[in-house]
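The values are calculated or read from the model by the stated rules, or taken from the named source; none is laboratory data. Small disclaimer: the values here were computed from a predicted structure and weren't measured. Positions of Cβ are backbone-derived with ideal geometry, glycine not excepted, and every protein chain shown enters the neighbour counts. Ligands, DNA and RNA are stripped out before the accessible areas are found, and what is left, the full protein with its side chains, is counted by its heavy atoms. Shrake-Rupley method; radii C 1.70, N 1.55, O 1.52, S 1.80 Å.
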Amino acid sequence: MASPVPTLDSIDKALLRLVQHDASLSMEQLAEKVNLSRNACWRRLKRLEDEGIIRARVVLADAAKLNLELTVFIAVRTSRHDGDWAARFHAAVQDIPELLGVYRTAGEIDYILHARVPNVAAYDRLYKKLTARIEMQDVSASFVMEEIKEVTALPLDFV
């Protein structure tokens with residue numbers, strides 16, 4: 001069952017927009033931008049963290065400068081849909097650092113994996129590591145040629 005949609009007012013949304021784009025803003029800067037006192041601003045952010053709306057404050061690193069220029073989307077199909085296989089698949093992907101996201105999907109593809117690697121040879125090593133850990137019916141990859149849009153900020157228009 002989905003979590004209930006939180007009640008956020010315009011100030012909560014403004015704070016979330018600001019910190020999603022730049023979590024390094026000081027409490028004073030945030031308070032000024034949303035026209036609140038420093039303490040009121042801190043209390044709101046603390047509540048958003050306590051409620052799990054703000055999960056973490058992170059730094060976004062430049063993948064190209066870290067020799068991780070190749071983005072790969074890996075499509076996985078399986079002939080097994082039992083709980084045991086799913087649990088083993090979940091465990092198999094957890095500690096592979098090249099995998100940035102793993103998603104179970106509806107349709108012809110059972111799972112989509114999002115990976116960042118230096119090059120095709122590194123992808124081949126990732127492929128071999130993954131296929132050695134768990135049996136899959138089919139694995140195919142799409143290599144990103146051009147990144148047109150990628151954001152980390154969630155849209156708040158639906159809250």
Please count how many residues of segment 72-90 are in a strand (DSSP E or B) and either in contact with a Lys or Arg (Cβ under 6 Å, 6 or more places away or on another chain) or acidic (Asp, Glu) (or both).
0
Residue check, Ser79 against (1) among the small types (Gly, Ala, Ser); (2) open to solvent by 60 Å² or more (accessible area, probe 1.4 Å); (3) within 30 Å of Leu18 (Cβ to Cβ); (4) in contact (Cβ under 8 Å) with a residue 40 or more places away in the chain, all met but one. Which one?
(3)
Answer yes or no as to whether Glu49 is assigned to a loop (DSSP other than H, G, I, E, B) and at pLDDT 95 or above.
no
Kindly indicate which of Val102, Val93 is in a helix (DSSP H, G or I), modelled with pLDDT of 95 or more and in contact with a strand residue (DSSP E or B) (Cβ under 7 Å, 6 or more places away or on another chain).
Val93
Name the pairs whose Cβ atoms lie under 6 Å apart, with the first residue in segment 131-145 and closer than 20 Å to His90 by Cβ, the second in a strand (DSSP E or B) and open to solvent by 50 Å² or more (accessible area, probe 1.4 Å), and 6 or more positions between them or separate chains?
Gln137/Arg77; Asp138/Arg77
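Which ones in segment 11-45 are among the charged types (D, E, K, R) and either more than 24 Å from Phe158 (Cβ to Cβ) or within 18 Å of the chain's Cα centre (by Cα) (or both)?
If the condition is that a residue be among the charged types (D, E, K, R) and either more than 24 Å from Phe158 (Cβ to Cβ) or within 18 Å of the chain's Cα centre (by Cα) (or both), then Arg17, Asp22, Glu28, Glu32, Arg38, Arg43 are the ones that fit.
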Anything in segment 110-120 that is surrounded by fewer than 17 Cβ atoms within 10 Å (Cβ to Cβ) and closer than 12 Å to Ile74 by Cα? List them, or say none.
Ile112, His114
Of all residues in segment 1-46 being part of a helix (DSSP H, G or I) and in contact with an Asp or Glu (Cβ under 7 Å, 6 or more places away or on another chain), the one that is surrounded by the fewest Cβ atoms within 10 Å (Cβ to Cβ):
Arg38
For segment 65-120, enumerate the residues that are of a type in the set (Ser, Thr, Tyr) and either within 18 Å of the chain's Cα centre (by Cα) or more than 18 Å from Asp138 (Cβ to Cβ) (or both).
Thr71, Tyr103, Thr105, Tyr111
Select from segment 58-76 the residues that are surrounded by 11 or more Cβ atoms within 10 Å (Cβ to Cβ) and of a type outside the set (A, V, I, L, M) and write down the one among them that is farthest from Ala115 (Cα to Cα).
Asn67
Which residues, taken from segment 121-155, are open to solvent by less than 90 Å² (accessible area, probe 1.4 Å), assigned to a helix (DSSP H, G or I) and not aromatic (Phe, Trp, Tyr)?
Ala121, Ala122, Asp124, Leu126, Lys129, Leu130, Thr131, Ala132
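When you look at His90, is it in contact with a Gly (Cβ under 8 Å, 6 or more places away or on another chain) and either of a type in the set (Val, Ile, Thr) or open to solvent by 20 Å² or more (accessible area, probe 1.4 Å) (or both), yes or no?
Judged against the criteria, His90 is not a match.
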